[in-house]
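What follows is a set of notes on a single structure, which appears directly below.
The values are calculated or read from the model by the stated rules, or taken from the named source; none is laboratory data. The structure displayed is predicted, hence computed values, not measured ones. FYI the Cβ positions are ideal-geometry reconstructions off the backbone, even for glycines, and counts take in every protein chain you see.
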Amino acid sequence: MGIYDKTIDPLSAPKAISEESFQTFHQLGIELRQKDLAMMKRVLEETPKYMEVLVEQEITKTQEWYATFEHLVDQAYQQAGLTYDAEENPFIG
């Protein structure tokens with residue numbers, strides 16, 4: 001399941017969630033975006049020669065962060081009384 005889709009899915013129907021839940025999911029979306037932008041900045045600053053090494057290191061370094069983040073998203077779903085039942089996007093590998 002994609003953490004990106006799961007994080008922003010409740011924001012696509014804001015009338016279905018409370019203002020508090022909306023703010024929670026919005027903040028989670030911002031946090032995820034900031035993490036991605038920081039990674040993209042490092043990628044753009046790196047020379048192509050070391051790109052693969054950088055990406056591999058970043059994946060290893062951020063695994064725990066993403067696991068913790070996914071737990072926060074799961075908690076937000078539970079607090080909002082939501083169930084994430086979307087299917088995997090076949091176009092995103």
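Rundown of residues vs (1) free of Cβ contacts under 8 Å to residues at least 24 places away in the same chain; (2) over 19 Å from Phe69 (Cβ atoms); (3) small (Gly, Ala, Ser); (4) in contact with a Leu (Cβ under 9 Å, 6 or more places away or on another chain), yes/no style:
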| residue | (1), (2), (3), (4) |
| --- | --- |
| Phe25 | no, no, no, yes |
| Leu28 | no, no, no, yes |
| Glu31 | no, no, no, yes |
| Gln34 | yes, no, no, no |
| Leu37 | yes, no, no, no |
| Glu46 | yes, yes, no, yes |
| Tyr50 | yes, yes, no, no |
TODO: Determine whether Glu52 is surrounded by fewer than 12 Cβ atoms within 10 Å (Cβ to Cβ), of a type in the set (Asp, Glu), modelled with pLDDT under 95 and touching a Gly at 6+ places or on another chain (Cβ under 8 Å).
DONE: no
TODO: Would you please name the residue that is modelled with the highest pLDDT, looking only at residues in segment 12-37 that are of a type in the set (A, V, I, L, M) and over 13 Å from the mean Cα position of the chain (by Cα)?
DONE: Ile17
Open item on the list: Of all residues being part of a helix (DSSP H, G or I) and small (Gly, Ala, Ser) in segment 6-28, which is nearest to Glu88 (Cα to Cα)? Just the residue, please.
Closed with: Ser12
